[in-house]
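Report on the structure given below.
The values are calculated or read from the model by the stated rules, or taken from the named source; none is laboratory data. Not measured: the values here are computed from a predicted model. Quick reminder, even Gly has a Cβ in these numbers, built from the backbone with ideal geometry, and neighbours come from all protein chains shown. To get the accessible areas, we keep the full protein, side chains included, count just its heavy atoms, and leave off ligands, DNA and RNA. Shrake-Rupley method; radii C 1.70, N 1.55, O 1.52, S 1.80 Å.
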Amino acid sequence: MERLQKVLAHANIASRRKSEEIILEGRVKVNGNVVTELGFKVEKNDKIEVDGKPIEMAQHLYFLLNKPTGYVSTTSDDKNRKTVLDLLDPELKDIRLYPVGRLDFDTAGLLLLTNDGEFTNLMTHPEHEIEKEYLVRVEGIVTRKKIVQLRNGVVIDDGYLAVPKEVRLLELDKNFKTTLISITLAEGKNKQVRKMMDAIGHPVKKLTRVRYDFLTLEGVERGTYRFLKIHEVKKLYAHSQPKK
Ligand code: URA
């Protein structure tokens, strides 16, 4: 027996809160009868319809989270720090969700979460070249020469040449002596952006992932999340075909 709003949320209809609204609006039928009671319990074989359409139980769930700094991107932490799972609705706690790749404790921004292992493997496979864009504020005024150096690739990790897809110089702050750069990577080595900035002598002050392939943070406040739409998941799957 599960509560109706939880079943709707798990079927990817909407977030739990939105699902509650949908129920209250009288748009949900269970076995042919409209149910507007929020605590209503349903069983596995009950026929649930939303706006007259039967729901299909989603096997997999996908979320886009706007991660704040101060959270680890793992499901548990040996130092007892907060994990990204702590940002999710308690109703989702019993689903084994995990992050797709990682963002550092001190990095904010776009992080996908799912319980789909195949999806995670495809997205994080280095040969699949999913683009990730970061906004990075670094210490010091970065010269054009350094930007060119970054574009051509810099050596990190004992000789690995890290070549970004794109680097754009966005803003020089002469008062505070910092520079804002956009950097797009098609790979995700551990602490790659930080290491690349260290390599040109400009340590990172603030790092935010603002894009994952075609997905952005639009409409998702820091510390909140939204469900991915089915067509977005399909598009990510399509984009994760090997490019080489
Ligand atoms: N690069 C980093 O250095 N840190 C992140 O969290 C992501 C990319």
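A compact table of results
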{"read-out": "Any hit, the range 158-167, residues being under 30 Å from LEU92 (Cα atoms) and of a type in the set (Lys, Arg)", "value": "no"}
{"read-out": "Where PHE105 falls short, out of the listed (1) outside any strand (DSSP E or B); (2) within 16 Å of the ligand (Cβ to nearest atom); (3) touching a helix residue (DSSP H, G or I) at 6+ places or on another chain (Cβ under 9 Å)", "value": "(3)"}
{"read-out": "Residue count for the range 124-142, restricted to those that are open to solvent by 60 Å² or more (accessible area, probe 1.4 Å) and on the phi > 0 side of the Ramachandran plot", "value": "0"}
{"read-out": "Candidates LYS67, LYS82 - the one that is touching a Phe, Trp or Tyr at 6+ places or on another chain (Cβ under 8 Å) and over 18 Å from VAL233 (Cα atoms)", "value": "LYS82"}
{"read-out": "Exclusive hit being away from the ligand (no atom under 15 Å from the Cβ), surrounded by fewer than 16 Cβ atoms within 10 Å (Cβ to Cβ), assigned to a helix (DSSP H, G or I) and at pLDDT 95 or above, set LYS145, LYS234", "value": "LYS145"}
{"read-out": "Matching residues in the range 185-231 - criterion: being modelled with pLDDT under 95 and near the ligand (Cβ under 9 Å from one of its atoms)", "value": "GLY188, LYS189, ASN190"}
{"read-out": "Any hit, the range 17-32, residues being over 19 Å from the mean Cα position of the chain (by Cα) and closer than 22 Å to THR216 by Cα", "value": "yes"}
{"read-out": "Residue match in the range 159-170 (condition: within 16 Å of the ligand (Cβ to nearest atom), in contact with a helix residue (DSSP H, G or I) (Cβ under 8 Å, 6 or more places away or on another chain), outside the structural domain of LEU85 (by TED's automatic domain parsing) and not in a strand (DSSP E or B))", "value": "yes"}
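Yes or no, residue by residue, for (1) closer than 25 Å to LYS205 by Cβ; (2) out of contact with any Asp or Glu (no Cβ under 7 Å at 6 or more places or on another chain); (3) modelled with pLDDT under 95:
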{"residue": "LYS41", "(1), (2), (3)": "no, no, yes"}
{"residue": "ASN45", "(1), (2), (3)": "no, yes, yes"}
{"residue": "GLU49", "(1), (2), (3)": "no, yes, yes"}
{"residue": "LYS53", "(1), (2), (3)": "no, yes, yes"}
{"residue": "PRO68", "(1), (2), (3)": "yes, yes, no"}
{"residue": "VAL72", "(1), (2), (3)": "yes, yes, no"}
{"residue": "ASN80", "(1), (2), (3)": "no, yes, yes"}
{"residue": "ARG96", "(1), (2), (3)": "no, yes, yes"}
